[in-house]
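Each remark here refers to the structure printed beneath this line.
The values are calculated or read from the model by the stated rules, or taken from the named source; none is laboratory data. Computed from a predicted model, the values in this text were never measured in an experiment. Glycine also receives a Cβ, built like all others from the backbone with ideal geometry; neighbour counts cover every protein chain displayed. Remember, those area values only see protein heavy atoms, side chains included, never the ligands or the DNA or RNA. Shrake-Rupley method; radii C 1.70, N 1.55, O 1.52, S 1.80 Å.
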Amino acid sequence: VFIEQKIMSLDSTYVITAMLVLLCTLAALDLWRQMAIKYENNMYSEYSNALKSSEGLWEIGYRIEDLELKVLNQYNQTMAIKKTVDSLPRLSDSAHSLLRHHLSNMDILSNIRESRIAVHRLLFNDSMLYRIRCESSGNLLRVGLNDFRADPRDECQLFTSASSKTFGPHTLFHVIQTYEGSFALRSLATGLFVKAVPPPSNNAKAPWKLVVGGAIIGSAEIFRQSDEGYLFSPLMGGFFTCASGQMTLGYEGKYGSYNKFILEQVTGKALQSSYMLADLSNKVKYIQTNYSTANKKTIKQRREEVLKIIGIDSPNPVRICLGIPITSKGTKMDEIADSPFWSNLFDSFMKSIDWRSNRYIFRFYLGFDRADTLYDTGDAWTDMRKEFQLRATYRMKEQLMDDEAIKQVLEKQLTLRLMHFDHLEGAPSQVVSQLMLKALDDNFDYFYQVDSH
């Protein structure tokens with residue numbers, strides 16, 4: 001019995017030891033697994049942060065890796081194009097000559113057509129041309145300026161059209177499959193890829209944007225789409241929103257209020273029309289670029305051309321009218337110099353213009369009631385003209401102008417016109433209308449109503 005108890009005691013010791021070893025082994029494996037996951041997450045986080053950084057900032061070589069990915073994609077595309085071009089039938093010198101003089105040769109024309117079709121199929125996949133709709137019943141996404149403003153910064157951004165009738169190359173995108181269900185979007189209008197752009201470093205909480213500008217597929221140009229239709233950027237780690245007339249915005253994280261992006265395939269006549277419009281657009285751009293290059297001028301030449309149009313010595317300089325209704329009714333002014341027109345408006349106007357380089361003509365049109373107790377009595381008009389010249393001269397002397405230059409400004413560029421009206425008491429808008437009509441009759445170009453107070 002003693003021996004049996006001893007054996008059982010030894011067996012239990014071995015079992016306990018074996019279980020402890022097993023538990024330690026499992027704990028070590030789990031710890032190793034947690035460390036591996038943490039290391040992988042840290043690596044991805046560093047990689048993502050590096051790619052989100054500015055183009056001028058290369059962090060820990062991660063951007064170099066992204067550059068290598070783009071170079072590899074470009075190389076593969078170039079080699080595919082070269083292989084296709086090398087396999088196409090070539091025209092001999094005699095064939096070229098024959099083509100120039102006898103365009104009816106069907107064999108040569110057939111070879112050319114075959115070549116163009118082969119290259120087109122290599123560059124464009126007609127079966128993968130789509131338009132993207134914001135929600136199932138929303139408007140189409142398109143690249144270009146906002147429908148509600150003309151800010152040049154918007155010209156490469158993706159917006160949702162404000163109109164349901166918008167259609168053209170700027171609303172069409174080639175879907176290019178990459179790997180594991182991911183894809184890239186290439187604009188038919190520009191030939192460039194859609195890319196996710198992070199917010200600026202000084203405003204990290206701002207949303208991401210979608211712009212057309214990627215030349216080669218890289219991390220920023222890769223997207224995925226969920227089964228529900230939400231558009232996901234692996235680089236951003238989040239989804240995008242869209243709304244009629246608004247730019248497409250992206251937000252990091254899986255939780256939020258996002259929109260579905262519905263991809264609709266384009267076929268038939270719509271496909272042909274899209275390619276035709278894109279080709280016409282490229283031809284117009286080619287003509288404009290050539291014209292701009294051929295007529296390119298230096299900054300000095302451009303300035304001289306502008307001054308020929310708006311300069312003071314131009315036959316038709318820009319003339320600007322400032323129409324101002326004034327009254328002394330209800331005030332306690334004793335003399336012309338007390339008028340708020342001088343201190344509230346005229347002095348500020350004089351200080352806001354560099355009179356040495358000014359090329360515009362300004363004229364103040366002041367209108368008031370006939371027999372106004374301050375502005376239309378005695379020598380009031382003479383006093384107003386003197387005050388006008390006195391204050392204008394003072395402000396131009398502050399700009400270190402000499403007497404002759406000041407005289408030229410007061411003769412050619414800055415003048416005063418006084419007008420009084422009957423039966424328009426208490427109707428300043430009617431006074432302004434009469435002032436503007438007079439300025440129009442005097443051949444002024446721009447008309448501004450200004451309050452003297």
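Placing unit charges on C-beta atoms (Lys and Arg positive, Asp and Glu negative, everything else neutral), compute the dipole magnitude of the stretch 336-452 about its Cα centre in debye, rounded to 20.
Result for the stretch 336-452 is approximately 440 debye, rounded to the nearest 20.
Using a probe of 1.4 angstrom and keeping all protein chains present, the accessible surface of the stretch 292-428 works out to 60 square angstrom per residue. Convex hull volume of the C-alpha atoms in the stretch 127-269, normalised per residue: 120 Å³. Rounded to the nearest 0.05, the FRET efficiency derived from the C-beta distance between Tyr446 and Asn290 at R0 = 35 Å is 0.50. Using a cut-off of 18 Å between Cα atoms, the listed pairs Lys205/Lys254; Lys83/Lys195; Lys82/Lys285; Lys70/Lys195 include Lys83/Lys195; Lys82/Lys285 as exceeding that distance. Built from the Cα atoms of the stretch 260-353, the convex hull projects on average onto 16.6 nm², one quarter of its surface area.
Convex hull of alpha carbon positions in the stretch 204-330: directionally averaged projected area 19.5 nm². Each peptide in 329-340, 377-388 was scored by the mean count of other Cβ atoms within 10 Å over its residues; highest first, the order is 377-388, 329-340.
With the simple model of a label 7 Å out from the Cα in the direction of the Cβ, Lys329 to Asp354 spans 4.4 nm. Check cross-link reach from Lys269 to the lysines: straight Cα distance under 17 Å, and skip same-chain residues fewer than eight apart. Qualifying lysines at Cα under 17 Å: Lys165. Each residue, Ala337 and Val85, gets one label point 7 Å from its Cα in the Cβ direction; the gap between the two is 8.2 nm. Packing-based ranking of 255-267, 277-289, 191-203 yields 191-203, 255-267, 277-289, ordered from highest to lowest mean Cβ neighbour count within 10 Å.
Between Phe232, Gln288, Val266, the Cα set farthest toward the positive side of the dipole of the stretch 148-293 (charges on each charged residue's Cβ, about the Cα centre) is that of Gln288.
What is the log10 of I(q)/I(0) for the stretch 382-453, computed with the Debye formula using one identical point scatterer on each Cα and no solvent, at q = 0.23 Å⁻¹? With one equal scatterer per Cα and no solvent, log10 I(q)/I(0) is -1.14.
Over the C-alpha atoms of the stretch 307-380, the Rg to Rh ratio, Rh being the Kirkwood estimate, stands at 1.10. Approximating the spin labels as points 7 Å out from Cα along Cα→Cβ, the Gln246-to-Asp30 distance works out to 4.6 nm.
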